[in-house]
Amino acid sequence: MTTPAFTAWIEPQAAAAWPFLTPQHLADLSRLEAGLTQALSTTPGTPAERFLAVRRELAPLTPARTGGPAAVAAVMALAGFICGWHDLNLRDTVGPGHGRMILHHATSALRATWTKRLGAGDLVGIAATERHGGSRLTEITTRLFPDGNGWRLSGEKCWVSRLQEAAAFVVFAKDPTGRIQAVIVPADTKGVTRHPENPSGLGGWAWGTLALNDVHVPAEHILTTPGGDGEQIFRKHFTAFRPLVAAIALGTAAGVHSQVRSTLRARTATRLLPRVRDTALVTLGRTQVEIHAGLLAAVTAARLTAQHSPHADVWARSVKVHGVETAHRAVQDLAPLVGASGFRADSPISRARTDLGGLLYADGIHDALLRSVGRTLLTT
């Protein structure tokens, strides 16, 4: 079975750009894409049902976690790029996703439980955003109150992705001292209500509001980190997560690039198109190098995080903005090269444009991320 994202985009530069990748890593990435292609072609249902089923089917195909943390981080970024090439909504199809917070900050018993569940394909959602304050944790109003044998949680979170598919959510709330805490809340817990909403783009997973009405939280469901609180957990998680978002977005742009290139080749071969205009050739060449450069940056950011580099957080914020904006701009420029077919509602190119537009806001609004990068550059 062909593996177009791996063959066309990763394999040509793997040896020079990523010499730490072993032949086994590369074989695993190719095998992952072959399995993904097969699963997508044979799995029925709504997009969300298909993607969750595909995640469960691909769980055994997760690339080998060998070669040290930096190599593993790079491989997972490249796996995300492959998933994005096929569909941006396949983000979180491989790897722990937001479940990474549980694996790093839960009790040993919960870590063991969720290692098995995530390995079998379960999803974890994140619930941080609120209507009045966006994702600014210092302004959240969701509250934790002490209970005899744990805590009580009340509040509302909006624009929660994987709303219907997640088996649990990591919810961010304030305790009575004003400290921000990260809490594991199983989706079927009494007092948890999910209200779906229809987004414009990124509709592969369910989105909506998570209402929390006097939800009981066992004490062991509070995530912890030495010397920190939920805000530190949030920041550490997104330092690792944002390079993956960039890689997935760039994979989507690469998929559109491949589709446009194939369409133009077919049209010129059949004389339907006498020749490709110079401006179109320039766009193909420019977007090709921009996508490759963005992917190099995303992989570097992922490796810096795994190496606990002091530069990792700045790189993660910068790369998320750069990768998503590069991908969005590339698809906007490539779509007109195939004419009206690139703007049909059922066109993968049209869907990629809409999905990438949504990603400009998800996982961090870009102006805020760039402002924080600039502030860091001036103060350190």
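The values are calculated or read from the model by the stated rules, or taken from the named source; none is laboratory data. For clarity, every value in this text was computed on a predicted model and none was experimentally measured. Neighbour counts are summed over all protein chains in view; Cβ atoms, including those assigned to glycine, are modelled from backbone coordinates with ideal geometry. These accessible areas exclude ligands, DNA and RNA; they are computed on the full protein's heavy atoms, side chains included. Shrake-Rupley method; radii C 1.70, N 1.55, O 1.52, S 1.80 Å.
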Exercise. Which of the residues that make up region 333-367 are among the polar types (S, T, N, Q) and either open to solvent by less than 20 Å² (accessible area, probe 1.4 Å) or under 14 Å from LEU250 (Cα atoms) (or both)?
Worked result: SER347, SER350
Problem set entry | Number of positions in region 343-357 that are part of a helix (DSSP H, G or I) and acidic (Asp, Glu) | 1
Seminar exercise, completed: Residues of region 152-210 being polar (S, T, N, Q), crowded, with 21+ Cβ neighbours inside 10 Å and farther than 25 Å from THR93 by Cβ, in sequence order, are GLN181
Exercise. ALA77: farther than 24 Å from ALA301 by Cβ and surrounded by 21 or more Cβ atoms within 10 Å (Cβ to Cβ), yes or no?
Worked result: no
Problem set entry | Hits in region 26-68 (condition: among the acidic types (Asp, Glu) and within 30 Å of ASN198 (Cβ to Cβ)) | GLU49, GLU57
Seminar exercise, completed: Exception for ALA14 within (1) under 30 Å from GLN181 (Cβ atoms); (2) open to solvent by less than 10 Å² (accessible area, probe 1.4 Å); (3) at pLDDT below 95 falls at (1)
Exercise. Which of the residues that make up region 22-57 are over 17 Å from ALA166 (Cβ atoms), touching a residue at least 60 places away in the same chain (Cβ under 8 Å) and hydrophobic (A, V, I, L, M, F, W, C)?
Worked result: LEU32
Exercise. Taking region 200-235 as the search range and keeping residues that are in a strand (DSSP E or B), out of contact with any Ser or Thr (no Cβ under 7 Å at 6 or more places or on another chain) and β-branched (Val, Ile, Thr), which one is nearest to ARG136 (Cα to Cα)?
Worked result: THR209
For this session: Out of ALA316, ALA340, ALA335, ALA330, report the one residue that is within 26 Å of ALA71 (Cα to Cα) and assigned to a helix (DSSP H, G or I).
Result: ALA316
Problem set entry | Counted residues, region 282-320 - those being open to solvent by less than 60 Å² (accessible area, probe 1.4 Å), more than 15 Å from the chain's Cα centre (by Cα) and within 15 Å of ALA249 (Cα to Cα) | 9
Problem set entry | Number of the condition not met by HIS25 [criteria: (1) farther than 24 Å from TRP205 by Cβ; (2) not in a helix (DSSP H, G or I)] | (2)
Exercise. In region 243-260, is there at least one residue being open to solvent by 50 Å² or more (accessible area, probe 1.4 Å), touching a helix residue (DSSP H, G or I) at 6+ places or on another chain (Cβ under 6 Å) and either polar (S, T, N, Q) or within 22 Å of ASN89 (Cα to Cα) (or both)?
Worked result: yes
For this session: Within region 40-61, count every residue that is of a type outside the set (A, V, I, L, M, F, W, C) and open to solvent by less than 40 Å² (accessible area, probe 1.4 Å).
Result: 2
Exercise. Does region 128-141 contain any residue that is within 30 Å of ASP28 (Cβ to Cβ) and either among the small types (Gly, Ala, Ser) or buried (at least 22 other Cβ atoms within 10 Å of the Cβ) (or both)?
Worked result: no
Exercise. If you scan region 54-84, which residues turn out to be part of a helix (DSSP H, G or I), of a type in the set (Gly, Ala, Ser) and at pLDDT below 90?
Worked result: ALA59
For this session: Mind listing just one residue for me: the one in region 154-198 that is of a type in the set (D, E, K, R) and in a strand (DSSP E or B) and, of those, modelled with the lowest pLDDT?
Result: GLU197
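Let's see how each residue does on (1) under 20 Å from LYS320 (Cα atoms); (2) touching a residue at least 60 places away in the same chain (Cβ under 8 Å); (3) not hydroxyl-bearing (Ser, Thr, Tyr):
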| position | (1), (2), (3) |
| --- | --- |
| ARG179 | no, no, yes |
| ARG235 | yes, yes, yes |
| LEU244 | yes, yes, yes |
| GLN259 | no, yes, yes |
| THR268 | no, no, no |
Exercise. Taking into account only those residues within region 126-137 that are out of contact with any Asp or Glu (no Cβ under 8 Å at 6 or more places or on another chain) and touching a residue at least 24 places away in the same chain (Cβ under 8 Å), which is farthest from LEU61 (Cα to Cα)?
Worked result: GLY134
